[in-house]
Every structure is written in structure tokens, then in C-alpha cells.
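Read through the structure below, which is laid out as C-alpha cells, and then see the notes.
The values are calculated or read from the model by the stated rules, or taken from the named source; none is laboratory data. From a predicted model like this one, the values you see are computed outputs, not experimental measurements. Cβ placement follows ideal geometry from the backbone for every residue including glycine, while neighbour counts extend to all protein chains displayed.
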Amino acid sequence: MNIPIFRPETVGTQIASNFEEAFNKIISEGDFIRGKKVIELEGKLADYLETFAVITTANGTDALLASLMATGINEGEEVITPAFGYPAAVEMMCLLKIKPVLIDVEWTTCNMDPAYLTEALSPKTKAVLPIHLFGTSAPIQEIAYFARTHQLTVIEDAAQAFGSEYDDGLRRKKLGTFGELGCTSFFPSKNLGCWGDGGAIFINKKDENLVKKLRRIVSHGQNQKYYHAELGFNSRLDTLQAAVLLQNMLTIEKSFEKRKRISERYCLELHDIAEIELPENNHGLAVPNLFTIRVPHQQRDKLKCYLLSEGIFSQVYYPLPIHLQQAYSPYIRVGSPLSISERLAKTVLSLPCFPSMTDIEQEKVILTLKRFFGKK
Ligand SMILES: Cc1ncc(COP(=O)(O)O)c(C=O)c1O
């Protein structure tokens, strides 16, 4: 029995007759680009997130690029962002000649450490861009407070955290809806995934002009067909993917529950292995996208190989922090000591955690891990 790090739910197990109908309708009407299902999805997503508006894009990276462009950050100005995580936002900043200012993350959550925000601030700082890594919230309340105090924009990278929540003491809100803008990805392995690439921008303040600007940016800067008012690019979610996402939205509560259950079981069964550190208890607020443990460096790669020899795929997200990546290092500013990011890169290991994972598969992962560490 081989256990992948992620297994997409396939057509066979997922397709429903109403979905087949929707798909066939799109095909027979040729409604492929910005079709009715895209508009319907944007409305449903905004309702689900309880936010002002949602604009879909071709992928999550485009959502970040468009958000950075819409925020009006100029060349040479700075955005504070974590040094550990997927570098899509940093990459887009580099392309726009915006300077990423990288700060360290917290050991237990792998997310931006707000203690370093003040140190990283400069007269050129225009925005803060936290990543909600692995499905767990960055300390968004502190980040939002800091941003308000210093008149900075917050753009959240919620690509791995669709559906996860943060409790601000008054109420629970979905991640990606705290900042002015939030971005997500619908890559198949994400909490809400499609059958290819997809992404979305959440516009969280009631600002029609910002919505219009973002719509222009993802449509070659056009304010009307063939009139290009500003620089933009082309980023559209296919209507077929919108139909997939609408179908998948019908079952997200079930699939989120499954992700949470898998994560809880790992926590319960692995907590007595002294050598490993488990993700922080987030009291059911996170929809775990990845179940990431920390293993001493000397044992991490051996464990990964051992799991593989037993047919279990695990993955190191991420083996090199952003400031040490060859592509970005010439463009960044280091905003704090980055030792935790460097240590995490040497110790993190993500275990299979996806809705179609069976109890038997999880049992095997748990037993194999226990065996590696000499536990019964
Ligand atoms: C944290 C994070 N941000 C951004 C992205 C980019 O999303 P996409 O692959 O849809 O462009 C990803 C994708 O893995 C991600 O994990």
C-alpha cells in the first residue's frame, strides 16, 4: 500500500449528476471564459467568507501579483513578509521591484513573528504580507493592529488556509478576510482545490473602486474592451474550473472535518514520541492543509527515507528559507535575525493529510513512525 502526500479526489469518486450537467452545459454553450459559473462562484465565495467581494484568477500567484499592483506600492518601497514559507509573494514583489523585508517566524507555528515588525519597519514600508502556513493562522490580530498604527496595508496569503478561522475575541472570521486584501490558491492539494490551477482575491473593505481596479488589472488594464487604462495582465479562472469549485464547495465542511480529524488523530497518537514536535493545538480553528512535524535535523531525512521505504510519501515544506534562495537574495532586505526560519528548514517534515486518506492508511503512517522511533 503506497500512501501519497496528497491524493486528489478523482472524477470517479466525486462526479455527481448535477455536476455532469453543469459541465456539459458549459461545453455545449461554449461558455469557457468568464462564464456564468465564474460569476456564481465569486458570489458564493464572498458569501462563504462573509466579505465584500471576490475576484477569481488563474492561480494564487496571480492573485498576489494583482493585489500588490492594486495596492499602489512603488518601486523601491517595502513589504514586510516572513522568511519561511512558499515564496510566491516574494517572487512577485521582486518582479515589481518592490523590496521584500524578511522577518523570522515562530518556532511552534512556522508563521510570521510579530515581535520583529517594529524592527523591520522603515520609512519605505507600505504593507505587511503574512502567510498562513500549513492552514494555521499567522498572528493576524497583532499584525493588523501594527499595520493600522503605521498606516500600512495588509495583504494575507491564505493559499494554504482556505476555510481556516481566527477568533479575534469578538467572533470567528475566515483567514484572508482580516487584511484589506486576501489571496488564495485552488491548486488541487489546497483546502478548496480544483482540477488544475485557480486562485482568488478577497476584497475585504467596501471599496467598489478597489474592486474595479483589480478587475482591470487581471484583464490587461482594460476599463472597456480594447481600452487599456493602466498596466495589467491576463488572469482568468476557467469556467470549467469554476464548476468544479462550486461542486467541491458543496462538500467542504465534510472535507474540512476530515482534515481536522486526521490532524487530531496524529496529535493523539504521536504525542508520546519525545523526538518529534507536533503542530500547536489550534482549537479546531485551522483546517490543516499540511500536517507538519519537527524532527531533529540528524533524523529528519533518515525518517523521510524510512517512510518512503515503507511506501509512505512525506515532504519537506520547505528545505531552504526564502532569504537563502539564489533567485531572491539579491532583492531582499533582512529585517530581523532569521535563525528560526533556518532551523525550521532543517527540521520540518509534512505527513500525508488529505480528505481521501483512509483510517487504515493513517494507521500505517502512525505505526511506521512509532517503529522508526522504537515505540510500540
Ligand atoms: C503559501 C502559498 N502562497 C502562494 C501559492 C501560489 O499558489 P499557486 O500555485 O496557485 O500559484 C502557494 C502554492 O503552493 C502557496 O502555498
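So the values come out like this:
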{"quantity": "Enumerated strands (runs of 3 or more DSSP E) restricted to the stretch 77-181, each holding at least 2 residues that are in contact (Cβ under 8 Å) with a residue 60 or more places away in the chain", "calculated": "78-82, 99-103, 153-157, 165-167, 172-174"}
{"quantity": "Search result, residues across the stretch 99-110 that are surrounded by 24 or more Cβ atoms within 10 Å (Cβ to Cβ) and either hydrophobic (A, V, I, L, M, F, W, C) or within 11 Å of the ligand (Cβ to nearest atom) (or both)", "calculated": "V101, L102, I103, V105, C110"}
{"quantity": "Test: residue in the stretch 109-121 that is of a type outside the set (K, R), assigned by TED's automatic domain parsing to the domain that holds L65 and over 19 Å from I340 (Cα atoms)", "calculated": "yes"}
{"quantity": "Criterion violated by A58 - all others in (1) within 29 Å of P337 (Cβ to Cβ); (2) within 14 Å of the ligand (Cβ to nearest atom); (3) surrounded by fewer than 23 Cβ atoms within 10 Å (Cβ to Cβ) satisfied", "calculated": "(1)"}
{"quantity": "Subset of the stretch 210-238 that is outside any loop (DSSP other than H, G, I, E, B) and among the hydroxyl-bearing types (S, T, Y) - its residue that is surrounded by the fewest Cβ atoms within 10 Å (Cβ to Cβ)", "calculated": "Y227"}
{"quantity": "Breaking point among (1) at negative phi; (2) assigned to a loop (DSSP other than H, G, I, E, B), for G374", "calculated": "(1)"}
{"quantity": "Condition broken by A286, with the remaining ones in (1) surrounded by fewer than 18 Cβ atoms within 10 Å (Cβ to Cβ); (2) outside any helix (DSSP H, G or I); (3) not assigned by TED's automatic domain parsing to the domain that holds V54 satisfied", "calculated": "(1)"}
{"quantity": "Number of positions in the stretch 117-142 that are more than 21 Å from G76 (Cα to Cα) and either in contact with a Phe, Trp or Tyr (Cβ under 8 Å, 6 or more places away or on another chain) or more than 16 Å from the ligand (Cβ to nearest atom) (or both)", "calculated": "8"}
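A quick yes/no check of all residues on (1) assigned by TED's automatic domain parsing to the domain that holds L68; (2) in contact with a Cys (Cβ under 7 Å, 6 or more places away or on another chain); (3) within 21 Å of M92 (Cβ to Cβ):
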residue	(1), (2), (3)
R148	yes, no, no
Q151	yes, no, no
A158	yes, yes, yes
G169	yes, no, no
G179	yes, no, yes
N204	yes, no, yes
